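K.L.:
Could you have a look at this structure, given as C-alpha cells, before my questions?
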Amino acid sequence: MSEHLSFIELLDSNNTVVGSKLFVNFRNDSTVYLSLTSGTLSYECQESNYLESLATILSQLPEGYKMKHQNRVAVTSGKGNQLVDITEFVSLTYLSSVDDKVLKFELRCLFDGNMYSVDSTEDFSIALQKLKNKMNVDFNICAFCENGDFMSTGGEDLRHGWYCLREVIPRKRLLPWFEREDEFKKAIPNLSAFHWCPKFSLSDKEFI
C-alpha cells in the first residue's frame, strides 16, 4: 500500500465542520507526502513519516483546528464479535515538557450504550491501548495482530507505520527487530493501525 485517500472533517475552535480530503502517499525515498484539501483551500507537505507530515499540515491550519477521522473496527468481547465506530480527533497541543506543540490524539467510541473517551500526546498507540483497556475488548486490527510489527527506531509511526509479516515464512518471532531486518524488507509496509485482513491472529502485545 503506497497511498490512500480519506474523507475527513475539519473542526475549528467553534466546532464548525468542513468536509475535507486527506491524501497520503508513502514515497519510495521513505518520506510521506500529505495533501489536505478543504473547499478552496489546499495544504501539502512532505516529511520523514506520517506523523511528522500530519503535524506539519496541522501547523499550517488556523489555531484551534482539529481533524476528525471515522474508523470502523471489529471487536471481540464477552458478547461475541461486532463492528464499532471509533472517532479519531487529531490536533496540536502545547506540551511544556518539550516546550513545543505536539500531536494530540483523542479516541471516542460508543459501545454497549456507554461512551468511551481517551487521549494521548505524541504516541497514538497509547491512546489506542487506553481505549482497548477501558472497553475491555479485543480489537481485531493490525496493531494487535501477531502478524503486525514495527521497527522500534525511536521515531516509529504507530498510526500508519505498521508492517504486515503474514507472508514472511519462517519468522524469528522471538528476536528483536534489529536482528531480523530482512523480515521487514519482505513485509507489507505502511499499514494503518486500524487495518484488518482475514489473516488476523490475536496477539497479546500491549503499548502501556
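K.L.:
Say a paramagnetic label sat at a point 7 Å from the Cα of M151, along Cα to Cβ; which residues of segment 172-208 have their backbone N under 13 Å from it?
P.N.:
177-190
K.L.:
Per-residue ellipticity at 222 nm for the chain, helices alone: DSSP H runs ≥ 4 residues times -39500 (n - 2.57), over residue total, nearest 500 deg cm²/dmol? Display every interim value, and only then the final one.
P.N.:
Working: 3 runs with 29 residues, N = 208.
Theoretical 222 nm ellipticity from helices: -4000 deg cm²/dmol.
K.L.:
Using only protein heavy atoms and a 1.4 Å probe, report how much of S42 is accessible, in Å² to the nearest 10.
P.N.:
Estimated to the nearest 10 Å², S42 gives 80 Å².
K.L.:
Please give the residues of segment 1-40, grouped as numeric ranges, whose backbone N is less than 20 Å from a label point set 7 Å along the Cα-to-Cβ vector of W177.
P.N.:
Residues 1-3, 25-33 fall inside that zone.
K.L.:
Probe radius 1.4 Å, ligands and nucleic acids left out: which of T40, T31 has the largest accessible area, and how do the rest follow?
P.N.:
Values: T40 140, T31 30 Å².
Heavy-atom accessible area, descending, gives T40, T31.
K.L.:
Please report, in Å, the Rg and the Dmax of segment 141-203, where both are computed over Cα atoms only.
P.N.:
10.7, 30
K.L.:
Mind ranking 128-138, 10-20 by how tightly packed they are, going by the mean number of other C-beta atoms within 10 angstrom, highest first?
P.N.:
Values: 128-138: 18.9, 10-20: 12.5.
Highest to lowest by the protection proxy: 128-138, 10-20.
K.L.:
From Cα pairs below 8 angstrom and at least 6 apart in sequence, can you work out the relative contact order of the chain, rounded to a whole percent? Show your work: numbers first, answer last.
P.N.:
On the way: 414 pairs, mean separation 29.8, N = 208.
RCO, the chain: 14 percent.
K.L.:
When the dipole is taken about the Cα centre of the chain, and only Lys, Arg (+1) and Asp, Glu (-1) are charged at their Cβ, what size is it in debye, to the nearest 20? Could the numbers behind the result be given before it?
P.N.:
Numbers: 22 positive and 29 negative charges, 143 e Å.
The dipole magnitude comes to about 680 debye.
K.L.:
Pairs of alpha-carbon atoms within less than 8 angstrom and 6+ residues apart define the contacts here; what relative contact order does segment 2-64 have, in percent? Don't skip to the answer; put the middle values down first.
P.N.:
Values: 111 pairs, mean separation 15.3, N = 63.
In percent, rounded to a whole number, it is 24.
K.L.:
Sorted by accessible area with a 1.4 angstrom probe, largest first, how do E88, E156, E106 fall? Please list the in-between numbers first.
P.N.:
On the way: E88 5, E156 60, E106 25 Å².
In descending accessible area the options line up as E156, E106, E88.
K.L.:
Taking the Cβ-Cβ separation of S30 and T56 as r and a Förster radius of 22 Å, what is the calculated FRET efficiency to the nearest 0.05?
P.N.:
Working: r = 16 Å, r/R0 = 0.74.
According to the calculation, E is roughly 0.85.
K.L.:
In nm, to one decimal, how far is the F7 label point from the D138 one, both placed 7 Å along Cα→Cβ?
P.N.:
Distance between label points: 3.3 nm.
K.L.:
Give the ranking of W162, W196, W177 by solvent-accessible surface, highest area first, calculated with a 1.4 Å probe. Mind showing how you got there, number by number?
P.N.:
Numbers: W162 0, W196 130, W177 55 Å².
Largest accessible area first, the residues go W196, W177, W162.
K.L.:
By how many nm would the segment from S48 to S77 lengthen if fully extended, with 0.36 nm per residue of separation less the alpha-carbon distance?
P.N.:
Length gained, S48 through S77: 6.7 nm.
K.L.:
Shifting gears a bit: If I compute solvent accessible area with a 1.4 Å probe over the protein chains, what percent of it on segment 141-203 is carbon and sulfur?
P.N.:
On the way: 1860 of 3450 Å².
C and S atoms contribute 54 percent here.
K.L.:
Loop-only check: which trypsin sites (Lys or Arg not before Pro) in segment 1-87 are DSSP coil with at most 13 other Cβ within 10 angstrom? Could the numbers behind the result be given before it?
P.N.:
Working: sites: K21, R27, K66, K68, R72, K79; in loops: R27, K79.
Here the trypsin sites (Lys or Arg not before Pro) that fit, given the DSSP loop and packing criteria, are R27, K79.
The values are calculated or read from the model by the stated rules, or taken from the named source; none is laboratory data. Being a predicted model, the structure only gives us computed values, none of them experimental. Note: ideal-geometry Cβ built from the backbone for every residue, glycine included; neighbour counts use all protein chains shown. Remember, those area values only see protein heavy atoms, side chains included, never the ligands or the DNA or RNA. Shrake-Rupley method; radii C 1.70, N 1.55, O 1.52, S 1.80 Å.
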